[in-house]
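*Asks:* Take a look at this one; I'll ask things after.
The values are calculated or read from the model by the stated rules, or taken from the named source; none is laboratory data. Remember, predicted model here, so these are calculated numbers, not experimental data. So basically every Cβ, Gly included, is an ideal-geometry build from the backbone, and we count neighbours across all protein chains shown.
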Amino acid sequence: MNRKDIVSRHNPTITKIESLSPLSIGNGEFGFSFDFTGLQTFPEMYKTPFGTQTNWGWHYTGGPDVYSKQDIAYQSFETYGRKVDYPMKPEDKETAYHWLRQNPHRLQLGRISFRFLNKDGESVDLNDITEMSQEMDLWTGIVESNFVVEGVSVQVRTACHPEHDIIAVKVLSRLIEEKRLQVFTLFPAPDVTHNNWAKATHPSWEQDDRHSTEMISLSEKAALLKRELDEDHYDVRWDWSSGTFTQTKTHEFTLEADSQSNQFEFAVSFAAQEPSFINVEDVFNDSRMYWKSFWMNGAAVDFSESTDSRAFELERRIVLSQYLSAIHSGGSFPPQETGYMYNSWFGKFHLEMHWWHSAHFPVWGREDKLEKSLEWYRTILPLARELATSQGYSGARWPKMVGMDGKQSPSPVAPGLIWQQPHPMTLAELCYQANQSDAFLSRFKDIVFEAADFMVSYAHWDEEKGAYILGPPLIPAQECHHMNDSLNPPYELEYWKYGLEIAIKWAERLNVKADPMWSKVANSMAKPPQANGVYLAHENCLTTFTEKNHDHPSMLGALGILPGTLVDPEIMRNTLNKVKEVWDWESAWGWDFPMCAMTAARLGEREMAIDFLLMDATKNTYLPSGHNYQRPGLTAYLPGNGGLLTAVAMMICGWKGSSKENCPGFPVDGRWIVKWEGLRALL
C-alpha cells in the first residue's frame with residue numbers, strides 16, 4: 001500500500017477563515033492550534049478558541065487547598081439497607097462546590113500571534129489580507145500558510161517538536177525588510193471565568209493583577225520568561241534568528257525581526273521549568289521523521305477503489321482521526337474531550353470517555369500511545385481505593401470527571417456513573433493482546449484486580465431474581481435517567497460480566513488464585529431488561545423510546561462495544577431498528593454513531609453499519625480539520641474520532657469469534673473495495 005498517497009490526499013487545505021475549524025499541531029503531551037496565518041493572529045474571527053495547552057499545565061485558583069471534599073454538601077441515596085453519599089448537591093455550599101468542579105483546570109499557556117503593520121505603522125485590518133491558502137502536510141506534521149498583506153506575499157511554515165513543547169516557525173516576506181511584520185506573545189489570566197464550562201471556554205485577557213510575567217534573561221537571540229499564577233508557575237523561552245525582543249504591555253512581549261533580510265525564524269518553548277533549546281531546523285527535521293514513522297507503522301486503510309459515494313469521506317475521517325488522536329489523545333493522561341484545542345468541562349477529563357478516545361490505539365497497532373495514559377490509573381489507585389472505602393465498598397472505584405490529580409469532581413451527574421469502572425480493565429486487555437508479556441500483566445494487575453473487587457462489592461444479590469443486579473442508585477450511560485430509580489441498564493450489566501471475566505483471565509495468566517466471587521458474580525448477572533421485544537434503558541424505564549429517545553442509545557452497547565453474552569441477538573436487532581426509527585439524533589453524541597455501527601456489524605446488518613457510521617446528522621459532522629463537531633461551544637469532540645476508528649477497525653478486521661469472512665461490517669455488493677493492513681480484531 002502506498003501509505004503516503006493515502007495520507008496526503010487528505011491533507012487539510014484552507015482557503016478562507018474556517019471559524020469552527022482551526023488546524024492544530026502537537027505531540028500527545030502538547031498541542032497548539034492556529035488560524036490561516038499559521039499562528040494565533042485573529043482569534044476574534046474564530047468560534048473555536050485557540051489552544052496552547054500541555055499535560056503539565058494546570059492551575060488551582062488561589063492555590064490547591066482552598067477547598068476540599070469536606071467543604072461540600074453530599075446527597076445520600078438509599079442503597080439496599082444503607083446510605084451512600086455522593087457529591088451531587090451544590091446547595092448550601094455552592095462556592096466550594098463550583099471551585100472543586102473548576103479546579104484544577106488546564107491553562108492556556110499563551111497566545112503567539114503576528115502583527116502586520118501598514119506603511120503608517122498601524123496594525124492592518126483583516127480586510128487587507130487576501131489570497132489565503134494553508135495546507136497541513138500530514139506526512140511531515142508541517143503546516144504551510146500563504147497569504148497576501150496589502151499586496152505583499154507572506155509564507156509561513158509552522159511545526160511542533162515530537163518530544164518537546166516547542167513551536168518552530170519560518171517566515172518569508174518582504175514585510176520583514178520593510179519592518180512591517182512582528183510576532184508577539186500575550187498571556188491570559190489563569191482563572192475560570194464562569195461556573196458553566198461552556199461559557200468559560202475562552203481565556204480571560206483582563207485581570208492583569210491575577211498573574212505575573214517576568215523576563216528572567218535576555219540576550220541577542222534568546223529570552224526567558226517566567227510566569228507566576230498563585231502557587232503555580234511555568235517558563236517560556238523564545239529563540240530567534242535575528243531581531244529585537246521587548247516587553248510591550250504588562251503580559252505582552254514583541255519580537256521585531258531584523259530588516260536585513262526577507263526571512264527569519266523563531267521557536268517558542270514551554271516547560272514547567274527550564275524549557276529546552278532546539279534550533280528551528282531540527283524541530284522541522286524531527287517533525288518530518290516522527291510523522292513519517294507514525295504513518296509507516298501501525299495500520300492503514302485504503303478505499304480508493306470503492307465506488308460508494310461516501311468512501312472518500314470515510315477515508316478522510318479515518319486519516320484525520322488518526323492524526324488528531326495522536327496529537328490530542330496519545331499523552332500520559334486520559335484526554336479532555338476537546339484535547340488541547342480548548343477547555344471543555346474546565347479542562348478536566350471524563351474517564352467514561354477514555355475507551356472512546358483510546359481503545360482504537362491497540363487495534364490500529366499503536367498500543368504504546370494508550371499505555372501512557374493507562375499508566376496514570378496506577379498513580380491514582382490510592383484515591384480510587386479511598387473513594388470505594390468512603391462509600392462502604394471494597395477495591396478501587398474510578399471517579400468520572402477529574403483533573404490530573406485524580407480527585408473526584410462534584411457534579412449533578414458524574415458521581416453516579418459506573419460504566420467507566422471496567423474501562424481500564426478492557427484497555428489493559430487490548431494492550432496485552434497486542435503485545436503479550438508477563439511483565440505487562442504484573443505492571444497493571446492491581447488496576448484490574450482492585451477494580452474487580454469493587455465491582456463485586458457494588459453488585460447486589462437479588463434473592464427473588466436469583467441474580468446480581470446493578471443499582472439503584474446509579475446513572476446509566478444514557479444520562480437522562482434518575483439516580484434513585486435506575487436499575488439494571490443493559491450495557492452496564494454486560495460490561496460488569498465482561499470486566500470480571502478479564503480479571504479472571506489475568507489471574508490465570510499470572511498463575512494466582514482469582515477471588516471466587518469474581519466468577520460467581522460474572523456468572524450470575526441479571527439478564528438485560530426488555531419489553532415488547534426491545535431492550536429497555538433500564539428495568540424501571542418502561543417507555544420503549546417514546547419519552548426517553550434522546551441522549552445516548554446506550555442499551556445498544558451491550559452487543560457492539562461488547563460481545564453481548566447476556567443478549568438475545570434478535571431482541572437487540574429489534575432494538576437497533578427501533579433506535580434507528582425513532583431516536584432524536586440531534587440529542588445524540590459523536591460516539592453514538594460508531595456505537596450503533598458496531599452493533600449493526602455484530603448483527604450482520606452491513607448496510608446499516610455503514611448508514612450509521614456516515615449518518616447525515618449534526619453531531620456526526622466532521623469539519624475540514626477532521627474534528628467531530630457537536631454544537632456551538634463544543635466544536636471539537638475527540639470521542640467521536642476515536643469511536644470512528646474503533647468501529648472501522650472492527651468492521652474491517654472483525655472481533656473475537658466473528659466470521660473469518662473479510663470485512664464483516666461492510667456491504668458485499670461490490671461498492672466497497674477495502675484494502676487494509678495492520679489492523680487487529682476487537683475483543
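*Asks:* Out of G665, G604, G670, which single residue is of a type outside the set (V, I, T), closer than 27 Å to S329 by Cα and either in contact (Cβ under 8 Å) with a residue 60 or more places away in the chain or in a helix (DSSP H, G or I) (or both)?
*Replies:* The unique qualifying residue is G665.
*Asks:* Testing F36 on (1) free of Cβ contacts under 8 Å to residues at least 60 places away in the same chain; (2) more than 30 Å from A388 (Cα to Cα); (3) in a loop (DSSP other than H, G, I, E, B), one condition comes back false. Which one is that?
*Replies:* (1)
*Asks:* Give the residues of region 63-74 that are surrounded by 13 or more Cβ atoms within 10 Å (Cβ to Cβ), over 27 Å from the mean Cα position of the chain (by Cα) and in a loop (DSSP other than H, G, I, E, B), sorted by residue number.
*Replies:* V66, Y67, I72, A73, Y74
*Asks:* Of all residues in region 189-200 being of a type outside the set (A, V, I, L, M, F, W, C), in contact with a strand residue (DSSP E or B) (Cβ under 9 Å, 6 or more places away or on another chain) and modelled with pLDDT of 90 or more, which is nearest to F270 (Cα to Cα)?
*Replies:* Only one residue tops the list, namely P190.
*Asks:* Next question, about the same structure. Quick one: which residue in Q336, Q273, Q322 is assigned to a helix (DSSP H, G or I), of a type in the set (S, T, N, Q) and in contact (Cβ under 8 Å) with a residue 12 or more places away in the chain?
*Replies:* Answer to the check: Q322.
*Asks:* All but one of (1) at pLDDT 95 or above; (2) surrounded by 15 or more Cβ atoms within 10 Å (Cβ to Cβ) hold for S259; which doesn't?
*Replies:* Result: S259 passes all but (1).
*Asks:* Could you tell me whether region 565-580 includes any residue that is in contact with a Leu (Cβ under 9 Å, 6 or more places away or on another chain), buried (at least 24 other Cβ atoms within 10 Å of the Cβ) and assigned to a loop (DSSP other than H, G, I, E, B)?
*Replies:* The answer is yes, given that some residue of region 565-580 is in contact with a Leu (Cβ under 9 Å, 6 or more places away or on another chain), buried (at least 24 other Cβ atoms within 10 Å of the Cβ) and assigned to a loop (DSSP other than H, G, I, E, B).
*Asks:* Checking the conditions here, which among P424, P415, P382 is touching a strand residue (DSSP E or B) at 6+ places or on another chain (Cβ under 7 Å) and either modelled with pLDDT of 95 or more or of a type in the set (A, V, I, L, M, F, W, C) (or both)?
*Replies:* The match here is P415.
*Asks:* Taking only pairs six or more apart or across chains, which ones have beta-carbon atoms under 6 Å, a first residue in region 96-107 that is closer than 11 Å to V66 by Cα, and a second residue that is in a helix (DSSP H, G or I)?
*Replies:* From region 96-107, the pairs are A96/D71.
*Asks:* Another question about this same structure. Somewhere in region 141-151, is a residue in contact with a Leu (Cβ under 8 Å, 6 or more places away or on another chain) and either part of a strand (DSSP E or B) or polar (S, T, N, Q) (or both)?
*Replies:* For region 141-151, residues in contact with a Leu (Cβ under 8 Å, 6 or more places away or on another chain) and either part of a strand (DSSP E or B) or polar (S, T, N, Q) (or both): present.
*Asks:* Does G533 qualify as being out of contact with any Lys or Arg (no Cβ under 7 Å at 6 or more places or on another chain) and closer than 20 Å to A414 by Cβ?
*Replies:* no
*Asks:* Return the residues of region 494-525 that are among the aliphatic types (A, V, I, L, M), in a loop (DSSP other than H, G, I, E, B) and surrounded by fewer than 16 Cβ atoms within 10 Å (Cβ to Cβ); say none if nothing qualifies.
*Replies:* Within region 494-525, just V512 meets the criteria.
*Asks:* For region 272-309, which residues satisfy the criterion of being polar (S, T, N, Q) and either exposed (fewer than 13 other Cβ atoms within 10 Å of the Cβ) or within 27 Å of the chain's Cα centre (by Cα) (or both)? Please lay out each step first, then the result.
*Replies:* Initially, region 272-309 is screened for residues polar (S, T, N, Q), giving 273, 276, 279, 285, 287, 293, 297, 304, 306-307, 309.
Q273, S276, S287, S293, N297, T307, S309, listed by residue number.
*Asks:* Condition check: in contact with a Gly (Cβ under 7 Å, 6 or more places away or on another chain), modelled with pLDDT of 95 or more, more than 23 Å from I6 (Cβ to Cβ) and of a type outside the set (A, V, I, L, M). Does Y340 satisfy that?
*Replies:* Details: in contact with a Gly (Cβ under 7 Å, 6 or more places away or on another chain): yes; modelled with pLDDT of 95 or more: yes; more than 23 Å from I6 (Cβ to Cβ): yes; of a type outside the set (A, V, I, L, M): yes.
So Y340 passes the test.
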